[in-house]
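Just below is one structure, and these are the notes that go with it.
The values are calculated or read from the model by the stated rules, or taken from the named source; none is laboratory data. These numbers were taken from a predicted model, which means no experiment stands behind them. Here the Cβ positions follow ideal geometry from the backbone for every residue, glycine too, while neighbour counts run over all protein chains shown.
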Amino acid sequence: MGIFDDAVPGGNISKPIMIALGALLVGKLLSGKGNTDDEAATQQANAPANDGGLFGGLGGLLGKLTEAGQGAAVDSWVKPGPNQPISPGSLGGALGSQTISDLARQAGVSEQELLEQLAKVLPGVVDKATPQGQVPNNAQLSALLRS
């Protein structure tokens, strides 16, 4: 899955977390049951570019995290250089319990598992999605996710 292949230290991102990331970043809650990757990619490809994820795409998500006091970490992900970690608790607080609950249900994992995995992969994914230190718009992000 292009952008995500080397976003995570030591491995790839599990299917449930890909589903959650897709929902957060481009607004597609993909059904994890019985969907082939091709079908999922087609669903994403056919998504309107202005769909924009739960918080209005990557920019909205990063804004939400910044509002929740995670601005320094977010800046480190977007800008070149080492990525600061984010704790599962901080991520959960920023996203809100309703969002976490919806994402976990959609991905088919526990809320705790979802937060632990997202906290691990989000810094690398954001880093990869912002190679020039610029947050891509939703159309660019959708293209990146499909590449």
- Evaluate region 36-58: report whether one residue or more is modelled with pLDDT of 85 or more and either crowded, with 19+ Cβ neighbours inside 10 Å or outside any loop (DSSP other than H, G, I, E, B) (or both). yes
- Leu103: passes all of (1) exposed (fewer than 15 other Cβ atoms within 10 Å of the Cβ); (2) under 15 Å from the mean Cα position of the chain (by Cα) but (1)
